[in-house]
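The values are calculated or read from the model by the stated rules, or taken from the named source; none is laboratory data. Since the structure is predicted, the reported quantities are computational estimates derived from the model, not experimental observations. Positions of Cβ are backbone-derived with ideal geometry, glycine not excepted, and every protein chain shown enters the neighbour counts. Protein only, heavy atoms only, side chains kept; ligands, DNA and RNA dropped before computing areas. Shrake-Rupley method; radii C 1.70, N 1.55, O 1.52, S 1.80 Å.
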Amino acid sequence: QVQLVESGGGLVQAGGSLRLSCAASGKISSFHAMGWYRQAPGKQRELVASHSAGSATVSVDSVKGRFSISRDYYKNTVALQMNSLKPEDTAVYYCYASLKQTYWGQGTQVTVSS
């Protein structure tokens with residue numbers, strides 16, 4: 001079994017920062033990719049950022065320059081640093097890890113108030 005445990009979500013005012021963390025545990029010691037998706041109410045889940053083969057990618061244009069992703073390959077953790085948060089960043093953020101199949105965290109709520 002693989003478990004992904006997220007932490008760091010919460011309520012923050014616009015312009016503030018949050019750091020999401022995700023730790024993977026279980027039978028797999030190394031994943032091809034780890035990263036973050038988000039899903040806002042009434043919207044599809046979208047890939048925010050990913051980290052694989054030593055390379056980080058931020059996929060959502062609206063967060064480029066504000067969000068960054070980091071990964072610790074030895075500890076099997078991935079983090080999402082979110083700065084200058086905006087109300088439109090409000091969503092449930094999901095950690096994922098992939099190797100032949102994709103594993104998901106339970107999701108953590110991020111709410112940005114205006």
Inset, instruction - Using label points projected 7 Å from each Cα along Cα→Cβ, tell me how many nm separate residue 70 and residue 17, to one decimal. - result: 1.0 nm
Legend entry - Accessible area of the stretch 50-103 belonging to carbon and sulfur atoms, whole % at 1.4 Å probe: 49 percent
Legend entry - Cα centroid of the stretch 52-91 to Cα centroid of the stretch 1-34, whole Å: 10 Å
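Net charge near residue 81, counting Lys/Arg +1 and Asp/Glu -1 over other residues with Cβ under 11 Å of its Cβ?
Working: positive: 19, 66; negative: none.
That works out to +2.
Taking a 29 Å limit on the Cα-Cα distance, which of the listed pairs 27/64; 43/75; 43/64 fall beyond it? The partial results should precede the final answer.
On the way: 27/64 33 Å; 43/75 32 Å; 43/64 20 Å.
Where the Cα-Cα span goes over 29 Å, the pairs concerned are 27/64; 43/75.
Just want to confirm a number: the relative contact order over the stretch 8-114, from Cα pairs under 8 angstrom separated by 6+ residues, in percent.
On the way: 242 pairs, mean separation 38.7, N = 107.
Relative CO of the stretch 8-114 lands at 36 percent.
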Legend entry - For the chain, share of DSSP beta bridges that run antiparallel, in % to the nearest 5: 90 percent
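Quick check: residue separation of residue 55 and residue 88 times 0.36 nm, minus the Cα distance between them. What number comes out in nm? Can you show the working numbers first?
Values: separation 33, 0.36 × 33 = 11.88 nm, distance 2.65 nm.
That works out to 9.2 nm of additional length.
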Legend entry - Dipole-positive endmost among 7, 29, 65 within the chain (Cβ charges, Cα centre): 29
